[in-house]
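Student: For reference, the structure I am asking about is given below.
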Amino acid sequence: MRTFAYDVATDVDDAIARLAADPGASLLGGGTNLVDLMKLGATQPSSLVDVSRLPLTEIDVADDGCLHVGAAVTNSDLAVHPVVRSRYPVLSRALLSGASGQLRNMATTGGNLFQRTRCVYFMDASKPCNKREPGSGCPAIEGEHRNLAILGASEHCVATHPSDMAVALTALDAVVVVAGPGGTRTVPIGELYRLPGDTPQKDTRIEHDEIVTGLRIPALPPGTMSMYRKVRDRASYAFALASVAAVLRVEDGQVTEARIALGGVAHKPWRAYTAEGDLLGRLARHEVFREAIDLELKAAHPLRDNTFKIPLVRNLVTEALTELTRREASV
């Protein structure tokens with residue numbers, strides 16, 4: 001591991017100033033991903049700015065019903081919060097599906113958003129990787145890519161985004177609160193992440209001298225149901241081969257709202273807008289759900305060893321929406 005400086009930020013402005021002063025600095029929250037990457041040599045920050053002690057641990061419901069979550073709230077605390085469990089089960093389940101209990105106790109909401117891909121070539125500093133070293137190539141395209149992207153990839157990168165939480169937040173239309181030298185701004189989570197294109201080293205649209213201070217999650221309309229399902233190679237502590245965060249409202253047997261976000265299939269949480277648009281106004285039936293997700297999957301470009309993800313996603317989404325419909329009918 002390379003030598004690095006370590007500083008504890010006294011407040012948000014101090015953290016921003018330290019980032020601005022050092023182009024090689026990284027923020028340190030729980031450190032559950034960053035420290036691993038440093039040990040592997042996949043990332044080598046010149047300094048760490050510890051923001052784990054900043055007073056960003058609130059979980060509050062605003063007068064308009066919007067849930068405000070501080071960036072330093074741990075994944076464990078967010079997952080078991082009564083409001084999250086009752087109003088946003090999709091988010092609670094997504095958090096509980098990620099990592100181990102010990103890691104969830106350390107990992108922060110802000111840090112979870114900025115996890116780096118677990119592509120084996122990115123994590124192995126001895127291998128070329130456009131995300132780690134732009135212009136060096138993407139050996140995953142012809143190499144080990146079973147768990148990599150089938151949607152939105154490019155000739156420069158086929159990595160997938162690892163966060164379960166971000167998939168749920170995408171389906172919930174969450175908004176990210178960002179502080180920087182110019183003040184505070186908000187970024188809809190659908191605009192936070194980037195597809196690889198020809199700059200795969202850029203995961204998000206957050207600038208180096210900006211820090212996420214929290215999230216805002218809009219209230220769901222009455223009668224809205226949600227769930228998170230994840231398929232992985234083993235029962236726990238594994239990243240998604242594919243996952244779905246589904247938000248559904250059905251009235252008189254017809255779909256009046258559908259939000260579908262997919263994990264494990266793209267460089268960012270993939271919002272299935274084509275499928276969502278096809279579902280509106282249609283009968284909430286198994287075959288209708290299947291037809292809608294098939295329309296979304298027409299955009300898929302699988303590689304040699306991950307073609308199986310197409311039927312996997314089809315079945316995963318169809319069964320999740322069907323289960324939510326059954327729940328609505330039983331209420």
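The values are calculated or read from the model by the stated rules, or taken from the named source; none is laboratory data. The shown structure was predicted, so the numbers you read here are calculated from the model rather than taken from an experiment. A quick note on method: Cβ atoms are made from the backbone with ideal geometry, for glycine too, and the neighbour counts reach across all protein chains shown. With ligands, DNA and RNA removed, areas are computed over all heavy atoms of the protein, side chains included. Shrake-Rupley method; radii C 1.70, N 1.55, O 1.52, S 1.80 Å.
Student: For the stretch 1-99, max minus min Cα coordinate along each principal axis, in Å, sorted largest first?
Tutor: So the three principal-axis extents are 45, 30, 17 Å.
Student: First obtain the Kirkwood hydrodynamic radius of the chain from its Cα pairs, then insert it into the Stokes-Einstein equation at 20 °C and 1.002 mPa s, and state the resulting D in µm² per second as a whole number.
Tutor: The calculation lands on 105 µm²/s.
Student: Arranged from highest to lowest average of other beta-carbon atoms within 10 Å per residue, in what order do the peptides 93-106, 181-194 appear?
Tutor: Packing order, densest peptide first, comes out as 93-106, 181-194.
Student: Also, quick follow-up: Give the carbon-plus-sulfur fraction of the accessible surface of the chain in %, rounded to a whole number; probe 1.4 Å, heavy atoms of protein chains only.
Tutor: 50 percent
Student: Shifting gears a bit: By its C-alpha gyration tensor, with a ≥ b ≥ c as the square roots of the eigenvalues, how is the stretch 100-191 shaped: rounded for a/c under 1.5, else prolate for a/b larger than b/c, else oblate?
Tutor: prolate
Student: I would also like to ask the following. Out of the stretch 124-163, which GluC sites (Glu not before Pro) are coil in DSSP terms and have no more than 10 other C-beta atoms within 10 Å?
Tutor: Loop-located and lightly packed - 142.
Student: Another question about this same structure. Which one of 44, 10, 27 has its Cα pushed farthest toward the positive end of the charge dipole of the stretch 5-52, where Lys and Arg give +1 and Asp and Glu give -1 at the Cβ?
Tutor: Of the listed residues, the answer is 44.
Student: Pull out the extension gain between residue 191 and residue 254, defined as 0.36 nm times the separation in residues minus the alpha carbon to alpha carbon distance; nm, one decimal.
Tutor: 19.7 nm
Student: Can I ask one more? Residue separation times 0.36 nm, minus the C-alpha to C-alpha distance between residue 53 and residue 80: what's the value?
Tutor: My answer for the length gained is 7.6 nm.
Student: I would also like to ask the following. Pairs 230/298; 39/309; 127/230; 230/268: which are spaced more than 27 Å apart, C-alpha to C-alpha?
Tutor: 39/309; 127/230
Student: Kirkwood-based Rg over Rh for the stretch 225-329 (C-alpha set), two decimals?
Tutor: Radius of gyration over Kirkwood radius for the stretch 225-329 works out to 0.97.
Student: Highest mean first, what order results for 23-32, 55-64 on Cβ atoms within 10 Å?
Tutor: Taking the mean over residues of other Cβ atoms within 10 Å, the ranking is 23-32, 55-64.
Student: Same structure, new question: Report the one residue of 204, 135, 221 whose Cα lies farthest in the direction of the positive end of the charge dipole of the chain (charges on C-beta: Lys and Arg +1, Asp and Glu -1; origin at the Cα centre).
Tutor: 135
Student: With +1 assigned to the C-beta of every Lys and Arg and -1 to the C-beta of every Asp and Glu, and no other charges, what is the dipole magnitude of the chain about the Cα centre in debye, to the nearest 20?
Tutor: Value, rounded to 20: 940 debye.
Student: Moving on. For the chain, with a Gaussian network of springs between Cα atoms less than 10 Å apart, report the residue from 256, 109, 318 with the top mean-square fluctuation.
Tutor: Ranking 256, 109, 318 by mean-square fluctuation puts 256 first.
Student: Give me the base-10 log of I(q)/I(0) for the stretch 45-87 at each q in 0.21, 0.24 Å⁻¹, Debye formula, one uniform scatterer per Cα, rounded to two decimals.
Tutor: -0.72, -0.85
Student: Taking only Cα atoms, what is the 0 to 90° angle, nearest 10, from helix 12-21's long axis to the longest principal axis of the chain?
Tutor: 60 degrees
Student: Please report the base-10 log of the normalised intensity I(q)/I(0) for the stretch 5-52, using a Debye sum with one equal scatterer per alpha carbon and no solvent, at each q in 0.14 (1/Å).
Tutor: Taking Cα atoms of the stretch 5-52 as identical point scatterers yields -0.30.
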